[in-house]
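Asks: I'd like to ask some things about the structure below.
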Amino acid sequence: MTEAEDMQDSKTCYRSRSVWGAIVAILAAILQLAGGEFGAAERQEMVDAAVTIAGAIGGVLALYGRLEATARIAPAGTNRNDPERLRTGN
């Protein structure tokens, strides 16, 4: 798969290793100023952990959102505001 084909897919920012890598790099730099030492292996472990945690939080939020929703999910390609569908409930 080419890089151009890879960029056709989309994902939320919290699922992006690049975003989490940047966040970890910034945090590692700040912590290093405070006296901490982080090598490449430690940074990679922090990125992996951050992506896993963010994915879990995203899943919990999605489930919570669906459970608290006040409207049904319409099948793909249907017009939610179609008067016939609203009348019959289908």
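Asks: Got a sec? Which helices (runs of 4 or more DSSP H) wholly within the range 1-86 have at least 2 residues that are at pLDDT below 80 and surrounded by 10 or more Cβ atoms within 10 Å (Cβ to Cβ)?
Replies: 17-33
Asks: Enumerate the pairs (first residue in the range 61-73 and of a type outside the set (Phe, Trp, Tyr); second residue anywhere and surrounded by 10 or more Cβ atoms within 10 Å (Cβ to Cβ) and assigned to a loop (DSSP other than H, G, I, E, B)) with beta-carbon separation below 8 Å, excluding pairs fewer than 6 apart on the same chain, so at least 6 apart or on different chains.
Replies: If the second residue must be surrounded by 10 or more Cβ atoms within 10 Å (Cβ to Cβ) and assigned to a loop (DSSP other than H, G, I, E, B), no pairs are left.
The values are calculated or read from the model by the stated rules, or taken from the named source; none is laboratory data. Just so it is clear, the structure is predicted and the values come from calculations on it, not from any experiment. Don't worry about glycine lacking a Cβ; one is built from the backbone with ideal geometry, like all the others, and counts go over all protein chains shown.
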